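Here, each number is a calculation from the coordinates, and none is a lab measurement. Here the structure is a predicted model, which means the values were calculated and not measured. A quick note on method: Cβ atoms are made from the backbone with ideal geometry, for glycine too, and the neighbour counts reach across all protein chains shown.
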Amino acid sequence: MLKSLFIKGLGAALALILAAPSAMAEYPDRPVTFMTMVQPGAQIDRLARGLAERFSKEFGQPVNVKNVTGGSHGSVMATELSKAKPDGYTLGIAAVTAYTYQPHHSPVKYGFDDFDYLSLVALNSSGFISKPERPWNTLKEAFQWAKANDKALICMFHGADDRDAIQRIAKAEGVNISLIPSKGGPSVIKAVTGGHADIGYVGAILYEHVRAGRLKLLASALNERLPPLPDVPTLKEQGYDEAVEMIVGLVAPKGLPDDVAARITGAADKLATDADTESFITEKLLMLPVTWGRDHAEKSLMELYNLFGEQAKNQ
C-alpha cells in the first residue's frame, strides 16, 4: 500500500515537473515584442514590422510590434521600455535620440544607462516639408518670406532635436514660430497638407508625398542631400549650422542575460549581411544604411550622448 502510494506520488511529481516550463529553456521560447514610438504606417513603424518578420524567422517565434506614441522621439516608449523585464522579450526599434538627446533637455524617468544598446539598424532620411502652394521652395526662402511679410510660421516637429534646430534657425532669422508636437510622420503630413502647419519635419515617408505632388521638400535635415531628391539643398547648404539625424536602433532594458543578448545580437549580425534586409531598408523604405553591431552601437551612442550633453551646457 505504502509502495503504491509512493509510486503514485512520484509519478504525480514527475508529471508536474514535466508540465512546468523548463528553467533552462532556450531563448526565445515564446513571442517577442518590438516596441516602437510612432503611429502605425509611419516609416519607422514599417521598419519595425519588416525587421519583426525577419527576426521571427531567426528566432523561430512570432515577433509582434507594439506602437507606444508620445513624447519627444519616443520618450514615452523609452520610459515603458526601461521598466520592462530585461529578459529579451521586450525590445525597442526606435529613434535613438530618446536616449542620447532627450535626457539632456527634458525631465524623463530614465537615463542613458538604463538600456542595452544592441545595434543600429538604419538612418531615416528626413527633411523639412511644406505644401506645394506655399510661396517658397527652400527653408531659407520660407523664413525670408515670413520676415518680409512680418508673419509667424507654424512648425510641426517630430522630436526635441528637430524642434530645437528649427527654434535656433528661427531665432537667427528673427522670425517668430509656433510649435506643434506630432505623433509621427503621418500626423505631420496630415497637418501640413491640411494647412494646419506651414512647415513640418518628417522622415522618409515624405518621398511618396513629394513624388505625388502633395508636398515639397524644403531642406534635407541630414549632412548630405537625400539621394531620391538630389536637387534640394541641406540645412548647412542653406546657411544653417544644423543637422538632424534620425538614427534607428535596437534597444533593450538594461541587464539582458549574456546568452539572451548573444542570441539577439547573433540574429542581428546575420541580418546585417542579408541582401534582402539591406534592400528592404535602402530600396523599399529609402532609409540610409548604418553599421550594425553592439560594439559600434554602444560606442557611437555614447559619443552622441556626450556631444548632446556638451551642447546642452552651452545653450
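Looking at the square roots a ≥ b ≥ c of the eigenvalues of the Cα gyration tensor of the range 261-315, which shape do they give, rounded for a/c under 1.5, prolate if a/b is larger than b/c, or oblate? In terms of gyration-tensor shape, oblate. Dividing the C-alpha radius of gyration of the range 162-208 by 2.2 N^0.38 Å, with N its residue count, gives 1.19. All C-alpha to C-alpha distances of the range 39-133, sorted into 10 Å bins beginning at zero, yield P(r) values of 14, 44, 32, 8, 2, 0 percent in whole numbers.
Sorted into 5 angstrom bins from 0, the C-alpha pair distances of the range 156-241 split as 3, 14, 24, 27, 21, 10, 1 percent.
Peptides 107-113, 263-269, 97-103 ranked from most to least packed give 97-103, 263-269, 107-113, packing being the mean of other C-beta atoms within 10 angstrom over each peptide's residues. Note: the range 228-282, Cα convex hull, 120 Å³ per residue.
The Rg/Rh ratio for the range 79-177, using Cα coordinates for both the radius of gyration and the Kirkwood hydrodynamic radius, is 1.11. Using Cα atoms only, what is the angle between the long axis of helix 43-59 and the major principal axis of the chain, expressed in degrees (0 to 90) to the nearest 10? Rounded to the nearest ten degrees, it is 20. Remark: the range 256-267, residue by residue, has Karplus-estimated 3J(HN,Hα) of 4, x, 4, 5, 5, 4, 5, 5, 5, 5, x, 5 Hz, where x stands for each Gly or Pro and the curve is 6.51 cos²θ - 1.76 cosθ + 1.60 at θ = phi - 60°. Against the chain, whose longest principal axis comes from its Cα atoms, helix 294-314 is set at around 40 degrees. For the options Gly185, Gly195, Gly92, a Gaussian network treatment of the chain with springs between C-alpha atoms closer than 10 Å singles out Gly195 as fluctuating the most. The ratio of the alpha-carbon radius of gyration of the range 215-254 to the globular-protein estimate 2.2 N^0.38 Å is 1.50. Tell me, what is the Rg over Rh of the range 176-315, with Rh the Kirkwood radius over Cα pairs? Using Cα coordinates only, the ratio equals 1.01.
On a 21 Å Cα-Cα criterion, which of the cross-link pairs Lys140/Lys313; Lys190/Lys216; Lys183/Lys236; Lys85/Lys109 come out too long?
With Cα atoms farther than 21 Å apart: Lys140/Lys313; Lys183/Lys236.
Backbone geometry of the range 120-129 corresponds, through the Karplus equation with coefficients 6.51, -1.76 and 1.60 at θ = phi - 60°, to 3J(HN,Hα) couplings of 8, 10, 5, 10, 6, 4, 7, x, 9, 10 Hz, x marking Gly and Pro.
Comparing Pro86, Pro253, Pro135 in a Gaussian network model of the chain (Cα springs below 10 Å), the most mobile by mean-square fluctuation is Pro135. With an a/c value of 1.5 or above and a/b larger than b/c for the gyration tensor axes a ≥ b ≥ c computed over the alpha-carbon atoms, the range 97-246 is described as prolate. Considering only Val260, Val244, Val96, the Gaussian network model of the chain with Cα springs below 10 Å gives its largest mean-square fluctuation to Val260.
Å³ per residue of the Cα convex hull, for the chain?
145 Å³
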